[in-house]
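**Q** Got a structure for you, written out below as structure tokens; questions coming shortly.
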Amino acid sequence: MSTEPGRHPALLRGQGHVLAVVAIGGALGAAARYGAALIWPVAAGGFPWTTFAVNAVGCAAIGVLMVLVTDVTPESGPAHPLLRPFLGTGVLGGFTTFSTYTVDVERLADAGHVRTGLAYLALTLLAALAAVWCATAVTRRAVARRRPCPGEVR
Amino acid sequence: MSWLLVVAGAMIGAPLRYLTDRAVRTRYDTLFPWGTFAVNVVGSLVLGLVTGAAVAGAASAHTQLFLGTGLCGALTTYSTFSYETLRLAEEGARLPALVNAVASVLAGLGAAFAGAACAQAWWG
């Protein structure tokens, strides 16, 4: 992508590489989500376990990732600047989905499965927040144990 | 073919989410994750429309895979939503964290219902 000033709005300037890795990562993540839906199909009117699991796993993974990419040590140096856009924004962003979650709740309610819809609505939110919280805490502990420098302990 | 449609949709949806978030961050100096909130609500509205159109027979399975599974699926995100909620809570902004979680779910759900209702009105 060309990035000469004036030819592109400021929003896109210098963003070619980031947009490319976000697009590729997003495609990989979405393909993985589609594959999961093909392997574990959910019956109409049933609890959408596959999307539930995809979102919970994706939230745990972003907890691990964000601790690792922000954990800068003198030995390792900062993480590659495209790592977070590729894995976080791209792969995990494309893997997890909010729209399928909300529309599945709408479909369940529309078909008369209001209780299943509400249970799915609440359980996904709780599982996602618990997953990202636990994954972040466990990864921070593992990183701190591996490197017990006084100034770096969290 | 199905995989290509999902991949093509995602290659549009994911960068759109990134650009939306970047546009919000460069224009507004705010702690609240408005970018993710916006893509999740808009994506829910569009997927509600697409799914409603498919139910009414007005959208093909290919359209559903491209716009729904691919584009809307990758435009919206649960991982960034949950991570940003956690970050707000950790930074002491507990009320904004709670508001983000509850408002995202309610607005997204409302958008999904609105999309489905529009599809029903147009194609039902």
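**Q** With an 8 Å cut-off on Cα pairs and a minimum separation of 6 or more residues, tell me the relative contact order of chain A in percent.
**A** 31
**Q** Using a 1.4 angstrom probe on heavy atoms only, work out the carbon and sulfur share of the accessible area of region A:42-154 in %.
**A** Carbon-and-sulfur percentage of accessible area, whole number: 68.
**Q** Once both labels are modelled 7 Å past Cα along the beta-carbon direction, what's the A:Glu75-A:Leu126 spacing in nm?
**A** 4.1
**Q** Next up: For the full complex of protein chains and a 1.4 angstrom probe, list B:Met1, B:Met11 by accessible area with the highest value first.
**A** The residues order as B:Met1, B:Met11, largest area first.
**Q** Which whole-number percentage describes the relative contact order of chain B, with Cα contacts under 8 Å and a sequence gap of 6 or more?
**A** Relative contact order comes out at 39 percent.
**Q** With a/c under 1.5 counting as rounded, go ahead and sort the protein assembly as shown into rounded, prolate or oblate using the C-alpha gyration tensor (a ≥ b ≥ c being the square roots of the eigenvalues; past the cut-off, prolate if a/b is larger than b/c, else oblate).
**A** Prolate.
**Q** I've got another one for you. So between B:Asp29 and B:Val99, what do we pick up on full extension, going 0.36 nm a residue minus the alpha carbon distance?
**A** Going from the current span to full extension adds 23.4 nm.
**Q** Okay, moving on. With the convex hull built on the Cα atoms of region B:78-124, state its orientation-averaged projected area in nm².
**A** If you wrap the Cα atoms of region B:78-124 in a convex hull and average its projections, you get 3.4 nm².
**Q** Just the number, please: buried accessible area between B and A, total of both chains, 1.4 angstrom probe, nearest 100 square angstrom.
**A** 3800
**Q** Ignoring ligands, DNA and RNA, what percent of the 1.4 Å accessible area of chain B is carbon and sulfur?
**A** Carbon with sulfur: 69 percent of the solvent-accessible area.
**Q** Which order do peptides B:16-27, B:38-49 fall in by mean Cβ count within 10 Å, highest first?
**A** Top to bottom by mean Cβ count within 10 Å: B:38-49, B:16-27.
**Q** Here is a follow-up. Mind checking the per residue accessible area of region B:72-124 for me, 1.4 Å probe, whole number of Å²?
**A** In whole numbers, region B:72-124 has 42 Å² accessible per residue.
**Q** What does the C-alpha gyration tensor say about the overall shape of region A:69-142? Classify as rounded when a/c is under 1.5, otherwise prolate if a/b is larger than b/c, or oblate.
**A** It is oblate, given that a/c is not under 1.5 and a/b is not larger than b/c.
**Q** With θ set to phi - 60°, apply the Karplus curve 6.51 cos²θ - 1.76 cosθ + 1.60 along region A:26-40 and write out the HN-Hα couplings as whole Hz, x wherever there is a Gly or Pro.
**A** With coefficients 6.51, -1.76 and 1.60, one gets x, 5, 5, x, 5, 5, 5, 5, 5, x, 4, 5, 6, 6, 10 Hz.
**Q** Next question. Please state, to two decimals, what the Cα-based radius of gyration of region A:1-97 comes to when divided by 2.2 N^0.38 Å (N = residues).
**A** Output field value: 1.36.
**Q** If each of B:Ser60 and A:Val114 carries a label point 7 Å out from its Cα toward its Cβ, how far apart are those two points in nm?
**A** Placing both labels 7 Å along Cα→Cβ, they lie 3.9 nm apart.
**Q** Mind checking Rg over Rh on chain B, alpha carbons, Kirkwood formula for Rh?
**A** Answer for chain B: 1.04.
**Q** Counting partner chain Cβ atoms within 10 Å of every residue's Cβ in A:59-69, what's the average?
**A** Average neighbour count from other chains, rounded to a whole number: 3.
**Q** Treating the angle as unsigned and between 0 and 90°, give the value, to the nearest 10°, between the Cα long axis of helix B:34-55 and the longest Cα principal axis of chain B.
**A** The angle comes out at about 20 degrees.
The values are calculated or read from the model by the stated rules, or taken from the named source; none is laboratory data. Note that the structure is a prediction, hence the values are computed from the model and not measured. All Cβ positions, even for glycine, are placed from backbone atoms using ideal geometry, and neighbour counts span all protein chains on display. These accessible areas exclude ligands, DNA and RNA; they are computed on the full protein's heavy atoms, side chains included. Shrake-Rupley method; radii C 1.70, N 1.55, O 1.52, S 1.80 Å.
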